[in-house]
1. Going toward the positive end of the dipole of the stretch 94-183, with +1 on Lys and Arg Cβ and -1 on Asp and Glu Cβ, which of 182, 113, 124 do you reach last?
2. Using only the alpha-carbon atoms, what does the stretch 61-194 span along each of its principal axes? Please give whole angstrom values in decreasing order.
3. For residue 336, give me every one of the lysines with a C-alpha distance below 27 angstrom, ignoring sequence neighbours fewer than eight places off in its own chain.
4. Going by average Cβ density within 10 Å per residue, which order do the peptides 197-204, 208-215, 172-179, 101-108 take, highest to lowest?
5. In the stretch 320-358, which residues have a backbone nitrogen under 11 Å from the label point lying 7 Å from residue 311's Cα in the Cα-to-Cβ direction?
6. Pop a pseudo-label 7 angstrom from the Cα along the beta-carbon direction at both residue 98 and residue 117 and give the gap in nm to one decimal.
7. At 0.36 nm per residue, minus the direct Cα-Cα distance, what do residue 205 and residue 269 gain on full extension? Give it in nm, one decimal, please.
8. If you build the convex hull over the alpha carbons only and average its shadow over all orientations, what do you get for the stretch 229-291? Give it in nm² to one decimal.
Amino acid sequence: KAHPPRRIQHQSPQTPSASSSPIPVQAASFERNTPVSGDEEFSDEQSDSLTDHYMDSASHGVDPLACRQIMKEIVVADEEIRWGDIAGLLNAKNSLKETVVYPFLRPDLFKGLREPIRGMLLFGPPGTGKTMIARAVATESKSTFFSISASSLLSKYLGESEKLVRALFYMAKKMAPSIIFIDEIDSLLTARSDNENESSRRVKTELLIQWSSLSSATGNGPGGETDSRVLVLAATNLPWAIDEAARRRFSRRLYIPLPEYETRLHHLKKLMSRQNNGLSDVDFQVIAEMTEGFSGSDITALAKEAAMQPIRDLGDALMDADFNNIRPVMVKDFEKAMLTIKMSVSPASLQQYQDWAAGFGSTG
Ligand code: ADP
């Protein structure tokens, strides 16, 4: 491939282990901010050589093949998401800056009692930007981003999942600062039920063990590494399904709510900025009003549907149409799109999130 992935950036000068962990030539060339096409991932050669670099005498019990799989499938090396890409959610952004981004960037200031937390839960309805936020946290904190969904861990990698979890935490520590993002965490940390099968119980146990090993930042981790900058950032649409013991491990539980009026307005303007449109400020306000109860992804779907209307109006003439002559998107297109694209979160389930946030959520 023409360009190396840009996600990986290694230790900042403050990191004590920077000198003890020399980066091989291949890894050192993985600069951030290299223009890439957006679908980059590590080539077999790159992931193998990175893995080899991190396997050492202390990697006892960690499967090299699982590490390679982590490098290939789980380290995210594509397009970066930044704070500015996320509409609204100021509370969540501020809270994440204080608890993760600053401590990761300035480990020298955040020691002892100020040590960064190891577990954070993002909960709320689907399509509200939880995954985007996790990616932005990784970018803004210059961390390696490991992303896996709990359900794929339980299905796709079944049989290999425990090894994969072990390798995941091993690589995350080696490549710290790291964010381990686990989507749909509820499926892994569910309150114990009779039909919980043996293998998912084992994966859950391994996850909890590995997660605990992060607290031994003073040197008990594999390799005696002292870098404490590894965070398990998990997301769920079903926070109430997480069992109590697991819930307590998330020192912060952040509610990511449906977007408010201002956020919807901002999101709509941003989406339409790349599309020929005849929408005035008042039009935008009208659409923001009528999308009360929509999630971020509902709004994206709505705007896509509205943008289709000018094309649909052309009928068969579409084949001969000149791109520059397609009419702009109007409010009426949004009104029509509202007939097809509906809000995906019911008021009843919204209430359930609010209740859980009041009981177990962190306030900032
Ligand atoms: P979640 O993880 O909460 O289910 P995602 O982060 O996957 O939601 O968001 C799904 C899509 O919805 C995103 O790709 C983006 O297009 C849009 N979206 C959701 N929330 C926002 C937001 N706050 N700002 C901008 N886009 C958003």
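The values are calculated or read from the model by the stated rules, or taken from the named source; none is laboratory data. Every value quoted in this text rests on a predicted model; they were computed, and no experiment measured them. Cβ placement follows ideal geometry from the backbone for every residue including glycine, while neighbour counts extend to all protein chains displayed. Only protein heavy atoms, including side chains, enter the accessible area calculation; ligands, DNA and RNA are left aside. Shrake-Rupley method; radii C 1.70, N 1.55, O 1.52, S 1.80 Å.
1. Farthest towards the positive pole: 113.
2. 40, 35, 32
3. Result set, ordered by chain and number: 269, 270, 304.
4. Highest to lowest by the protection proxy: 172-179, 101-108, 208-215, 197-204.
5. Residues passing the 11 Å test: none.
6. Result for the modelled spin labels: 1.1 nm.
7. Numbers: separation 64, 0.36 × 64 = 23.04 nm, distance 4.55 nm.
Extra length available between residue 205 and residue 269 comes to 18.5 nm.
8. One quarter of the hull surface, i.e. the mean projection, equals 7.0 nm².
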